Amino acid sequence: EVEQRGRDIGALIHRRVLQRDSNICYGEGGAGTWSDGKLTTRIGRNSGPVRYVLEQLVRFGAPADILKLGKPHLGTDRLVVILKAMRGYLTEKGVDFLFGCRVDHVDVKGGKVTGVRYRRLNIDGSLAGGEESLAAKRVVLASGHTARDIYESLALLSEGRIALAPKGFAVGFRVEHPQSLINELRLGSDFASQAEGGRGKVPVADYRLATEVPHPMPSKEIMDSVLGEGW
């Protein structure tokens with residue numbers, strides 16, 4: 001759970017102790033839990049499904065102004081609180097959460113999924129016992145992009161009936177400048193003077209650049225982006 005994950009991240013930062021299955025990238029909430037909580041989609045207006053997601057975030061503790069801001073963000077501290085509220089709601093509805101467990105195998109019989117096999121882990125990440133099984137008619141894999149072993153296992157079990165394809169690769173760079181410089185270049189002198197570090201009449205400026213890098217395989221591409229923010 002996110003509480004234990006926070007302790008594991010503290011151990012990583014302060015004592016250089018890495019837990020393989022509970023760290024900045026893995027655990028309840030995923031890799032974005034300790035980000036700054038930006039909610040900008042870059043797909044246009046926040047309507048339909050996007051609006052629904054924002055409304056649910058507000059329902060579980062996000063500030064209501066994310067429903068009207070052009071570039072809404074939650075802030076790092078709020079994400080943890082929202083996650084705990086969502087988990088509490090689902091638990092009340094009868095959902096069971098198995099934390100400290102690692103799925104090692106997806107069971108398939110007669111071409112259909114029948115469940116998963118998993119192992120419980122100790123706090124230090126070591127195995128706590130033998131393999132256990134959980135029966136299921138449907139299994140949703142939401143393991144992120146790095147759980148290669150589970151997808152390789154599924155591909156072998158399917159005997160070629162499930163096709164796997166690599167996803168396009170994205171590399172992002174964060175570039176920081178004095179906020180006054182970005183304001184001057186993006187807003188011009190007249191409006192830049194009114195930004196006042198985010199407390200003025202005009203919001204502070206930022207920018208984003210993106211380009212596609214050619215790849216030897218026509219169906220593949222590498223996206224390179226730069227996000228520039230001020231301090």
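The values are calculated or read from the model by the stated rules, or taken from the named source; none is laboratory data. Only a predicted model underlies this, so the values are computations on that prediction, with no experimental measurement involved. Using ideal geometry, Cβ is built from the backbone for each residue, glycine included, and neighbour counts are taken over all protein chains shown.
Quick one: would you say Ile43 is loosely packed, with under 11 Cβ neighbours inside 10 Å, of a type outside the set (S, T, N, Q) and more than 15 Å from the chain's Cα centre (by Cα)?
Taking the combined requirement at face value, the residue satisfies it.
Please verify whether Val17 is in a loop (DSSP other than H, G, I, E, B), modelled with pLDDT of 90 or more, surrounded by fewer than 17 Cβ atoms within 10 Å (Cβ to Cβ) and not aromatic (Phe, Trp, Tyr), treating the condition exactly as stated. Before you say what the answer is, go through the steps one by one.
Working: in a loop (DSSP other than H, G, I, E, B): yes; modelled with pLDDT of 90 or more: yes; surrounded by fewer than 17 Cβ atoms within 10 Å (Cβ to Cβ): yes; not aromatic (Phe, Trp, Tyr): yes.
It is true that Val17 is in a loop (DSSP other than H, G, I, E, B), modelled with pLDDT of 90 or more, surrounded by fewer than 17 Cβ atoms within 10 Å (Cβ to Cβ) and not aromatic (Phe, Trp, Tyr).
Enumerate the strands (runs of 3 or more DSSP E) found wholly within region 136-231, keeping only those where 2 or more residues are at pLDDT 75 or above and farther than 30 Å from Gly110 by Cα.
169-177, 207-213
Considering each residue of region 107-134, count those that are among the hydrophobic types (A, V, I, L, M, F, W, C) and over 27 Å from Thr33 (Cα atoms), and give that number.
Adding up the residues that qualify gives 3.
Quick check on region 69-85: of everything there that is farther than 15 Å from Gly32 by Cβ and part of a helix (DSSP H, G or I), which residue is nearest to the chain's Cα centre (by Cα)?
Out of the qualifying residues, it is Lys84.
Can you confirm whether Leu127 is hydrophobic (A, V, I, L, M, F, W, C), within 30 Å of Val202 (Cβ to Cβ) and exposed (fewer than 15 other Cβ atoms within 10 Å of the Cβ)?
no
Give region 91-110 a look and list any residue that's exposed (fewer than 12 other Cβ atoms within 10 Å of the Cβ) and either among the small types (Gly, Ala, Ser) or assigned to a helix (DSSP H, G or I) (or both), or say none.
Filtering region 91-110 down to residues exposed (fewer than 12 other Cβ atoms within 10 Å of the Cβ) leaves 91-98, 109-110.
Passing the criteria: Thr91, Glu92, Gly94, Gly110.
Does Ile66 satisfy the criteria of being crowded, with 16+ Cβ neighbours inside 10 Å, assigned to a helix (DSSP H, G or I) and touching a Pro at 6+ places or on another chain (Cβ under 7 Å)?
Judged against the criteria, Ile66 is a match.
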